[in-house]
Amino acid sequence: MAEADAGRLEQYTLIEAALIASGADNPEELDRYRRKYEIWREAAKAACLSGDSPRHRAEALFEFMHREILPGGYDSGATELTGLLDTGRFNCASATVLFNALAADCGLDARAIELPRHAFSEIISAGDPLPIETTCPTWFHASESTGRTARHVTSATDLSAAAATGREVSPTALVGVIYYNRGIDFLDREQFPAAVSANLRALRFDPANAAAEGNLLAAINNWALARSAAGEYRAAAELLAKGRQIAPDHEPFANNQRHVYRLWIESLAAAGRRAEAAGVLAAAKQAQPASLLWTLCAKRFGL
């Protein structure tokens, strides 16, 4: 996290930081994956020796990567580098991290380009940038590639055009993409605390990631609604209050805060706990003093 705040990787390599972001957060596990990567790295260097230009070295590296490391094929959920190194399955984020890490180790200048729900690589050389769709094993051999991608980019021309609208991301921001993708998976599985944590980390590695910010707000909001549905009104109200501190103008937080307070007051009043209901009503008025809902609640429940 300190390197995220500094905006550069110094103590950790890109592959190490991505492994930690993928969940390899104890030294023994990280060391095991590091050794596995180092074996492939040395083999990749040997595979690139025959290349007489950045393009030819990139092609040799790319084909080695898919042949030796990524035989498992494309899987939209295969974000974690740990899973990639164990199974050979990959998506655009994990394949781009792996390719860029190997490219740097092989003396190639690679950068990552991010599009909405997609990422790919570019090799920088004396000529035009060379776009590389890291999810397509036949990229260098087919004029119209058949790789599966989130954007359905089918050719180098299309990918170059897409790059013009994309965003170059630094190595630290690329690590943030791993956290962001994991945050999407956690949110889809309604694992709200994990989704909040992953998106907060994504934003520390890449403060400009607007999608991660949106997913963070959605995770907080949906977590609060889940707590409310379970009758845990205090916890729900606290989550929404924290959400409003983060994003004061995010309307769903204000709307759902009123909803939660109303349910909480109604529940206490129905149980005959009028003093507690009055206390919650006072807290609701303090949270949103301009709302007319509290006057209606006071009249309805005689508070």
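Any read-out appearing in this document is the output of simple, stated calculations on the displayed coordinates, not a laboratory observation. Remember, it's a predicted structure, so these values are computed and weren't measured experimentally. Using ideal geometry, Cβ is built from the backbone for each residue, glycine included, and neighbour counts are taken over all protein chains shown.
Within the straight-line cut-off of under 20 Å between alpha carbons, the lysines reachable from residue 45 are 36, sequence neighbours fewer than 8 places apart in one chain being disregarded. Each helix, a run of at least 4 DSSP H residues, gives -39500 (n - 2.57); summed and divided by the residues of the chain, these come to -19500 deg cm²/dmol at 222 nm. What percent antiparallel are the DSSP beta bridges of the chain, to the nearest 5? Percentage antiparallel, nearest 5: 85. Positive end of the dipole of region 10-147 (Cβ unit charges, origin at the Cα centre): among 125, 54, 13, the Cα lying farthest that way belongs to 54.
The residue 35 and residue 109 beta-carbon pair, evaluated with R₀ = 22 Å, returns a calculated FRET efficiency of approximately 0.25.
Among 165, 197, 112, whose Cα sits farthest toward the positive end of the charge dipole of the chain (+1 at Cβ of Lys/Arg, -1 at Cβ of Asp/Glu, about the Cα centre)? So the residue furthest toward the plus end is 197.
Toward the positive end of the charge dipole of the chain, with +1 on the Cβ of Lys and Arg and -1 on the Cβ of Asp and Glu, the farthest Cα among 102, 74, 224 is that of 224.
Here the dipole of the chain is about 1620 debye; that uses its Cα centre as origin and unit charges on the Cβ of Lys and Arg (positive) and Asp and Glu (negative). Projection of the Cα convex hull of region 1-104, averaged over all directions and equal to a quarter of that hull's surface, yields 6.8 nm².
In a reduced charge model with +1 at each Lys and Arg Cβ and -1 at each Asp and Glu Cβ, region 231-303 shows a dipole moment near 260 debye about its Cα centre. Region 171-200 and region 272-303 have Cα centres lying 37 Å from one another.
A simple charge model with +1 on the Cβ of Lys and Arg, -1 on the Cβ of Asp and Glu and nothing else charged puts the dipole of region 68-138 at about 120 debye relative to its Cα centre. The Stokes-Einstein estimate for the chain, based on a Kirkwood radius over Cα pairs and taken at 25 °C with 0.890 mPa s viscosity, is a diffusion coefficient of 114 µm²/s. Excluding same-chain neighbours fewer than eight residues apart, the lysines reachable from residue 285 by a Cα-Cα span under 30 Å are 242, 299. Across region 231-303, Cα pairs under 8 Å and at least six residues apart give a relative contact order of 26 percent.
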